[in-house]
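The structure appears below as structure tokens.
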Amino acid sequence: GSLVLYALKDALGEDTVNRVLREFIEEWGNKGAPYPTTRHLIAKFREVAAPEYQSLITDLFEKIVIFDLRAEESFYSELDDGRFEVIINTSASKFEADGAGEETSVIIDSLIDVAVLGEEDEAGVPEVLHLEKLRINKQEQSFTFVVNKLPLSVGIDPFNKMIDRNPDDNTRTLELSEE
């Protein structure tokens with residue numbers, strides 16, 4: 001449940017999610033029958049969500065969706081102007097599970113964070129050099145970014161907003177390109 005609301009907040013914005021929840025409580029709170037169901041709340045979120053987030057709402061609330069997201073071997077090189085070009089290679093699969101846990105592979109077409117990360121602070125949290133929500137619609141995809149600081153690692157869903165089979169492989173240390 002917490003991952004679902006975190007992903008929804010990330011997509012729609014914290015203010016929007018809080019407003020919808022507040023309006024839902026104002027409309028349905030402390031009243032008698034008929035009582036609201038989750039369908040009423042989902043409908044409220046659908047009213048405010050842009051078209052590109054309708055499938056996310058379906059995945060979060062109406063299906064059991066599991067991802068297998070991985071950062072594959074990725075590279076960086078220093079450019080003549082002192083900036084760094086980063087090539088991120090990703091692998092992504094999406095599954096739907098039934099109530100008994102039987103999983104079926106489905107076509108992936110989701111907006112997912114892809115990031116270039118720098119040095120870690122004292123708490124072990126890396127500096128975000130570039131973070132972008134990108135359409136992941138193939139099992140294997142590559143992305144290229146230019147950043148101003150030395151990149152150390154990359155990630156697909158690096159902050160674990162999606163329900164992932166193995167979130168530990170979402171980030172990967174960068175290799176210096178030999179080209």
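The numbers here are math on the coordinates, done by the rules we state, and not lab data. In this text the structure is predicted, and so the values were computed from the model without any measurement. Here Cβ is always computed from backbone atoms with ideal geometry, including for glycine, and neighbour counts include all displayed protein chains.
Take the Cα of residue 140, go 7 Å toward its beta carbon, and the backbone nitrogen atoms of the stretch 90-116 under 12 Å from that spot belong to 90-92. In a DSSP loop and with at most 16 other Cβ atoms within 10 Å, the trypsin sites (Lys or Arg not before Pro) in the stretch 109-179 are 138, 149, 165.
Each 10 Å bin from 0 upward holds the following percent of the Cα-Cα pairs of the stretch 1-80: 15, 40, 23, 12, 7, 3, 1. Along its first, second and third principal axes, ordered by size, the stretch 88-136 spans 43, 23, 15 Å in Cα coordinates. Picking from 69, 114, 163, whose Cα lies most toward the positive end of the charge dipole for the chain (charges on Cβ: Lys, Arg +1; Asp, Glu -1)? Going by the Cα projections, it comes out as 163. Which one, 86, 17, 125, has the greatest fluctuation when you compute a Gaussian network model over the chain with C-alpha springs under 10 angstrom? Of the options given, 125 has the highest mean-square fluctuation.
For the stretch 1-97, trypsin sites (Lys or Arg not before Pro) are listed when DSSP marks them as loop and at most 10 other Cβ atoms sit within 10 Å of their Cβ; the list is 31. Give me the log10 of I(q) over I(0) for the stretch 59-179 at q = 0.20 Å⁻¹, as the Debye formula computes it from C-alpha points; what are the numbers? The Debye formula, applied to the Cα set alone, gives -1.04. For each pair in 9/31; 9/44; 9/149; 44/138; 63/138; 44/161, compute the distance between the two Cα atoms and list the pairs where it is over 25 Å. With Cα atoms farther than 25 Å apart: 9/31; 9/149; 44/138. Mean residue ellipticity, 222 nm, helices only, the chain: the sum of -39500 (n - 2.57) across DSSP H runs of n ≥ 4, divided by residue count and rounded to 500, is -7500 deg cm²/dmol.
Output the relative contact order of the chain, whole-number percent, from Cα pairs under 8 angstrom with separation of 6+ residues.
Contact order relative to length: 24 percent.
Only beta bridges with both residues in the chain are counted; by DSSP, about 95 percent of them are antiparallel. Comparing mean-square fluctuations of 71, 92, 50 from a GNM of the chain with C-alpha springs under 10 Å, the top value falls on 50. In percent, rounded to a whole number, the relative contact order of the stretch 109-179 is 33, using alpha-carbon pairs under 8 Å and six or more apart.
Computed from Cα positions, the angle between helix 38-48 and the longest principal axis of the chain comes to roughly 60 degrees.
Compute the whole-percent fraction of alpha carbon pairs in the stretch 123-165 spaced more than 12 Å apart. So the portion of pairs separated by more than 12 Å is 70 percent.
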